[in-house]
Amino acid sequence: MVKDSRCEGRVVIVTGAGAGLGRAYALHLAGLGWRVVVNNRNRSSSADAVVAEIRAQGGEAIAQYDDVCSEGAGERLLQAALSTWGRLDALVNNAGVDQHAPFHKITIEDFRRIFAINFDGTVAITHAIYPHLRAQGSGRILVSVSSAGLHGLHGLSAYSASKAALIAFMRSLAAEAAPKGVLVSAIAPYAATRMTEAHLSDELREWMSAASVAPFVGGLIHPDATSYGQTWVVGAGWARRASSVEWGEGYAIPMQGSPMGGAPEHVAASPPREFADALAAHADFLACAQQGLHRVGRGE
């Protein structure tokens, strides 16, 4: 891999980087010239092994062993970067856990544990690091989400809820951070990892390698990147943008004569409406409602 002069010397933290996607991100970014803090909660060897790989290829990296949910983990990650290289430019939140039980079988304790690791852990790390990036007037933050958080999936109630919450968190933080020079985005990766490989054929495992996602991560946190506030679905060398939409202008709710209160049995096809934030959606809704109800009142 050819190093990128705009990336050389810059410092990135990658959480959950001991294996799978996190490892692929760390290796790719190091190949571009980033200095990498390789975080993984398993102190036995995984983070150290990734650091050894990076160094063997001429890159710079250090291992950091905090669980993202442990008290003060974010502050320690920030300090590891600053004490080693004197700077921090980007954070890639990758650490997370899967779910293996449908809602009626999962305990509320396990539901809360999954949500806490995926959501609270990401938020806590970001909360510790964002003020530093904001104060210096530049930086990139990436949040790892999932198509399950966009669309839901049978058997993944806690996992899907945690990833959906992260999308809303990312959107809100992106709006706050962009004026301060910090760009925040989310990535929903499709890749053959320990979470997914049991459901993939050998051909798909090769095609959907974690390494095929890493270049897009490099693009999102690149110093010249301009995209923020978006969720990107990425895998097998392919990417597309995802978003929340509201369909069409809407329709008037019949106040009388409907036992279902006007709830539709189906929604007619209509163009989706996408909004920059909740205020824009609210303003559009009220404008459409005012115009639509006025038409209904005139009998149109």
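Any read-out appearing in this document is the output of simple, stated calculations on the displayed coordinates, not a laboratory observation. Owing to the predicted nature of the structure, the values given are computational and were not obtained by experimental measurement. When we count neighbours, we look across all protein chains shown, and the Cβ atoms used for this are built from the backbone with ideal geometry, even at glycine.
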Calculated FRET efficiency for the pair HIS127/SER244, C-beta based, R₀ 25 Å, to 0.05 = 0.60
If you add up the charges near ALA186, with Lys and Arg at +1 and Asp and Glu at -1, over every other residue whose beta carbon is less than 11 angstrom from its beta carbon, what do you get?
-> +3
Go through VAL184, PHE285, ALA165 and say which Cα lies farthest out towards the positive end of the charge dipole of the chain; charges sit on Cβ, +1 for Lys and Arg, -1 for Asp and Glu.
-> VAL184
Charge dipole (the chain, unit charges on Cβ, about Cα centre) - positive-most of ALA30, LEU156, VAL233 | ALA30
Would you be so kind as to identify which of LEU133, LEU82, GLY121 lies farthest towards the positive end of the dipole of region 11-242, taking Lys and Arg as +1 and Asp and Glu as -1 on Cβ and the Cα centre as origin?
-> LEU133
All lysines inside 30 Å of LYS105 as judged from Cα atoms, apart from same-chain residues fewer than 8 positions distant | LYS163
Inter-label distance, nm, simple model (7 Å from Cα along the C-beta direction), VAL2/GLN136 | 2.7 nm
If the chain between GLU75 and ALA178 were fully extended at 0.36 nm per residue, the gain over the current Cα-Cα distance would be 34.9 nm
Could you put SER212, SER172, SER162 in order, starting from the residue whose Cβ has the fewest other Cβ atoms within 10 Å?
-> SER172, SER212, SER162
Between SER45 and ASP110, what length comes free when the chain is fully extended (0.36 nm per residue of separation minus the Cα-Cα distance, one decimal in nm)?
-> 20.7 nm
Cβ-based exposure ranking for LYS3, LYS163, in which fewest neighbours within 10 Å come first | LYS3, LYS163
For each of MET170, MET1, MET208, count neighbouring Cβ atoms within 10 Å of the residue's Cβ, then give the residues from fewest to most.
-> MET1, MET208, MET170
What is the Cα radius of gyration of the chain over 2.2 N^0.38 Å, N being its residue count?
-> 1.13
In a solvent-free Debye calculation with one equal scatterer on each Cα, what is log10 I(q)/I(0) for region 1-143 at q = 0.11, 0.19, 0.21 Å⁻¹, listed in the order of the q values?
-> -0.40, -1.06, -1.25
List the residues whose amide H sits under 5 Å from the amide H of VAL184, counting only those 5 or more places along or on another chain, with H placed 1.01 Å from N in the peptide plane.
-> ILE141, GLY229
